[in-house]
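Here's the structure, in structure tokens; my notes come after.
The values are calculated or read from the model by the stated rules, or taken from the named source; none is laboratory data. Quick caveat: nothing in here was measured; it's all calculated off a predicted structure. Note: ideal-geometry Cβ built from the backbone for every residue, glycine included; neighbour counts use all protein chains shown. These area figures cover heavy atoms from the full protein model, side chains too; ligands, DNA and RNA do not enter into them. Shrake-Rupley method; radii C 1.70, N 1.55, O 1.52, S 1.80 Å.
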Amino acid sequence: AFYSCSSLAELTLHDGLEYIGNHAFYNCNKLTPLALPSTLTTIDDYAFSYCRSLTQVTFPQNLTTIGAYAFQYCSSLTTLDIPNSVTSVGEFAFSSNEALTSVHISENLTTLPQDMLSYCYQLESVTIPSSVKELSQGVFYRNYKLKSITIPEGITTIPIYLLSDCSALVNVALP
């Protein structure tokens, strides 16, 4: 829709919008804080990838699905609050967000997909909600400043590269 509209800085999305499609705002480099409409339920793959000036995203409480790579390389994004309405997140959804320091993960997710939060160099701590029963490979790969993580009961497998290259890691709470 607006693929690589590199001068697009402001976006107003009105209530009634339920779906944002694949690559819809991909590489809109100047897009700044984003408030998504309350009626939005789905953000498809790559929808906001490479929106490097995006500093904040306000997700609606009706959102259920965030697609693969949806917010990858949003390198100015500092906080992330995935609402509890979200039940599905695609692989690499928030990967390579170098400025991300704080994350709240939906308490209705059962799986953290491959590389969901990999390469988030400023992320220091994460609490995985008890609803999560499956961790995929590389979820926190190369989060160099990650110091602590709490893994909930019910996790039966620690996958490859889950916490690889997390060189500041000093505290891991396992079930």
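Would it be correct to say that residue 62 is open to solvent by 50 Å² or more (accessible area, probe 1.4 Å), touching a Phe, Trp or Tyr at 6+ places or on another chain (Cβ under 8 Å) and either modelled with pLDDT under 95 or under 23 Å from residue 112 (Cα atoms) (or both)? No, not satisfied. Among residues of the stretch 15-27 that are crowded, with 18+ Cβ neighbours inside 10 Å, those with a beta-carbon under 6 Å from a residue that is in a strand (DSSP E or B) at least six positions away or on a different chain give the pairs 20/43. Residues that are open to solvent by 40 Å² or more (accessible area, probe 1.4 Å), out of contact with any strand residue (DSSP E or B) (no Cβ under 9 Å at 6 or more places or on another chain) and β-branched (Val, Ile, Thr) do not occur anywhere in the stretch 126-149.
You will find that of 68, 47, the residue that is in contact with an Asp or Glu (Cβ under 7 Å, 6 or more places away or on another chain), part of a loop (DSSP other than H, G, I, E, B) and either of a type in the set (D, E, K, R) or closer than 16 Å to residue 97 by Cα (or both) is 68 and no other. Checking 174, 80, 109, 163 one by one, the residue that is open to solvent by less than 70 Å² (accessible area, probe 1.4 Å) and more than 24 Å from residue 38 (Cα to Cα) is 163 and no other.
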